[in-house]
Structure formats: C-alpha cells, structure tokens
Amino acid sequence: MLPAMKLLPLTKLEASQSGTIKEIQGGKGIIARLNALGIFPGKKITKISAMMLRGPVVLQVDNTEIAIGFGQASRIIVQVE
C-alpha cells in the first residue's frame, strides 16, 4: 500500500526540509510572480530558513536561494518527501 501524500503549506516545513510544489493558491498576479522566480508546480524546493513570527522565508530552487514573504510562502502547497 502506498503511503498517503503529505501536503503542507511551505510555511509549515522545517528548515532544510524538501518537497515538490503541488499547487500555488492565488490569483494570476502571485502565480506570475512566483513563476518568474522559478517557483511553479512540479518543481523541487528546499526550505532553508524562516524568521520568527511571519518573517520572510528563504528557499532554494535549483541552485538559487530566494527569499519570499510569509504570505506568498503560505500559498505554496508542497508534497513533503
């Protein structure tokens, strides 16, 4: 039997935890902005760090580190590995 997929918002991942983006919740604007940064469904990402109390979230996409706001990170749904 296959294990159930664990889907979480990016903000819930621990530092250095990886996963595959399954969905970006939001309108055309946020989706276009994240796509321009290389963040889109099917892409593997690693959460590097996050600040306490809703600060920016740093993640790694390919070989690039990117900081995005907490609100944007909360809209990225990730399948945890």
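The values are calculated or read from the model by the stated rules, or taken from the named source; none is laboratory data. Since the model is a prediction, treat every value here as computed from it, not as a measurement. Cβ coordinates were reconstructed from backbone atoms using ideal geometry, including for glycine residues, and neighbour counts include every protein chain displayed. Surface accessibility is based on the protein's heavy atoms, side chains included, excluding ligands, DNA and RNA. Shrake-Rupley method; radii C 1.70, N 1.55, O 1.52, S 1.80 Å.
With only Lys, Arg, Asp and Glu charged, each at its Cβ (+1 for the first two, -1 for the last two), find how big the charge dipole of the chain is about the Cα centre; round to the nearest 20 debye.
240 debye
Please list 3J(HN,Hα) in residue order for the range 32-44, calculated via the Karplus relation 6.51 cos²θ - 1.76 cosθ + 1.60 where θ = phi - 60°; whole Hz, with x for glycine and proline.
Rounded to whole hertz, the list is 5, 5, 5, 4, 5, 8, x, 10, 7, x, x, 7, 8.
Between Lys28, Lys43, Lys12, where does the largest GNM mean-square fluctuation fall for the chain, given springs only between Cα atoms within less than 10 Å?
Lys28
Counting only protein heavy atoms, what percent of the accessible surface of the chain is carbon or sulfur at a 1.4 Å probe? Working shown, then result.
Details: 2890 of 5080 Å².
Ligands and nucleic acids excluded, carbon and sulfur reach 57 percent.
Any idea of the accessible area per residue across the range 1-44, 1.4 Å probe, to the nearest Å²?
On a per-residue basis, the range 1-44 sits at 69 Å².
Which of Met5, Gln25, Met51 sits closest to the plus end of the dipole of the chain, meaning its Cα is farthest towards the positive end, when Lys and Arg get +1 and Asp and Glu get -1 on the C-beta?
Of the options given, the answer is Gln25.
At what distance in nm do the modelled label points of Met51 and Ser16 sit from each other, each positioned 7 Å from its Cα along Cα→Cβ?
A separation of 2.3 nm, rounded to one decimal place.
Would you indicate which of (i) 13.4; (ii) 14.6; (iii) 12.6 is the value of Kirkwood radius over Cα pairs in Å derived from the coordinates of this structure?
(iii)
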